[in-house]
Amino acid sequence: MTNMDNSKENCQIGMIGLGVMGRNLLLNMASHGFHVAGYDLDKSKVQSLKNDSSEIAATDNIQDFINSLSRPRNIMLLVPAGKPVDAVIAELLPLLQPGDLIIDGGNSHFTDTNRREENLKKNNIFFMGVGISGGEAGARSGPSIMPGGPLEAYRRIEKIFQAVAAVVDHQPCVTYIGPGSAGHYVKMVHNGIEYAMMQLIAESYHLLKSMYGMNDHELHDVYREWNDSELSGYLMNITCDIFTAKDAETRHDLVDMIKPIAEQKGTGMWTSESAMTLQVPTSIINTAVEMRDLSLLTNEIQQAARLYPATKSSITIPKNEFIATLKNAMYCSIFMSYAQGMALLYVASQAYSYDLHLQNIAEIWRGGCIIRSAMLDDISQAYEKNSQLSNLLLDAGIATQLKNRMVDLRQLIASTCLSNIPTPALMASLSYFDAYRDNASPANLIQAQRDYFGSHEYERIDKAGKFHTEWEKVIIK
């Protein structure tokens, strides 16, 4: 721990953006003994921070903020992604000197990070894109941090990040991810996995509530039991808590007072877009994004419900038996969400020259971040055995875990198809698994179709090369 310099000069790092995340991360840094400064145009946010910590040099004057930083300056931004980041950089640039460092800690698109780094490099200004996960509580008590950019720039702020990050097994949940936009790319995929896991948990809730009429107290007990098992994780834990919350106005269970719509800020969609660009199947993540979009079509859903009324389910599986089956199905599906995300990172690492170390990424996700769970220990071990593992489903130890549970996922999907309750992410998980291991893929027919109508050629099973057939000449009628 460093000694606090009460003169509020020569600050080791400054924060622009004193919203919940920026404010809490700055307080985290200060509580670990670092001399820090904060800047925001909103005077009330500046004053609030001063009230909470007299040792932080907080100001609404950009020049005073710059003057408080030791050189070369380390400046972190926690402002909304997109144009606001560019606006802040434009404001800063005339005030900076060669060797200064700008750190974007928001959820910026990785292509924007590449562009900003290249542009700032022309002015000899370092730029880093840093993924931060953990929400407002994590920012204050210890997030998972994914720094990307120039390694020499990371070395300057490494001790600060290590001090404020979450800790698991005496190791801080931060590691240098890679050059350029590697940090923001990994955070984007983290969020894609997060989308998938949230959708899967929501589908399990829908099944238990709709098929068995379970109340929120009973649902709390189910998710509490799951969180005490191999399904343990942050999202499972908060789901358990949600079912105990009461609405202050009505005293009803709060979750029952919330509209069934889910918006998005883009990172899940970006993950799907990047996966499609790199030709990596991420069907569970894609489905999660699509279901959020579908949930917003409220009027259409109401019309469709009247037009296509669901018949009452005839499923008579005992409740406890169904819960046990669902638990194993959730294990398989959540694991495959990780597998799809990590497979995307494997391909992106090569495509974008990130040189990602997937074991290190799995390890820093074990604490602080939203997708932290017990499964990441097994994932880390798989990469320890084979750092070049292209897909987690190819690990023998993981295969044993999944094979013991896959029959339950299959039985669950068969039941839900007859129950009139949608489970698209669970279905996508099973379809992905079956397609991934299917040696008798029907893609040969697709090749033939493409060649027939578009002369796109095809590959043969008996010899190498590309071939084209004038199909109309060989068809026997």
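Summary table below
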{"item": "G148 vs. criteria modelled with pLDDT under 95 and in the same structural domain as P72 (by TED's automatic domain parsing)", "result": "no"}
{"item": "Residue tally, condition surrounded by 22 or more Cβ atoms within 10 Å (Cβ to Cβ) and assigned to a loop (DSSP other than H, G, I, E, B), over region 35-61", "result": "3"}
{"item": "Boolean, S429 is within 24 Å of N286 (Cβ to Cβ), in contact (Cβ under 8 Å) with a residue 24 or more places away in the chain and within 26 Å of the chain's Cα centre (by Cα)", "result": "yes"}
{"item": "Selection from region 98-123 of residues that are of a type in the set (V, I, T), more than 12 Å from D86 (Cβ to Cβ) and in contact with a strand residue (DSSP E or B) (Cβ under 6 Å, 6 or more places away or on another chain)", "result": "I103"}
{"item": "Residue list for region 428-455, filter: assigned to a helix (DSSP H, G or I) and under 20 Å from A396 (Cα atoms)", "result": "S429, L430, Y432, F433, D434, A435, Y436"}
{"item": "Check on S229, within 30 Å of S313 (Cβ to Cβ), in contact with a Leu (Cβ under 8 Å, 6 or more places away or on another chain) and polar (S, T, N, Q)", "result": "no"}
{"item": "Filtered residue count, region 359-406, keeping only those that are outside any loop (DSSP other than H, G, I, E, B) and in contact (Cβ under 8 Å) with a residue 60 or more places away in the chain", "result": "10"}
{"item": "Some residue of region 305-312 being touching a residue at least 12 places away in the same chain (Cβ under 8 Å), among the polar types (S, T, N, Q) and surrounded by 12 or more Cβ atoms within 10 Å (Cβ to Cβ)", "result": "no"}
{"item": "Of all residues making up region 407-427, the number that are in a helix (DSSP H, G or I) and β-branched (V, I, T)", "result": "3"}
{"item": "Filter result (assigned by TED's automatic domain parsing to the domain that holds Q340, under 21 Å from D377 (Cα atoms) and acidic (D, E)) within region 169-207", "result": "E194"}
{"item": "Odd one out for K209, checked against (1) in a helix (DSSP H, G or I); (2) in contact (Cβ under 8 Å) with a residue 24 or more places away in the chain; (3) charged (D, E, K, R)", "result": "(2)"}
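The values are calculated or read from the model by the stated rules, or taken from the named source; none is laboratory data. On a predicted model such as this, the values are computed, not experimentally measured, just so you know. Using ideal geometry, Cβ is built from the backbone for each residue, glycine included, and neighbour counts are taken over all protein chains shown.
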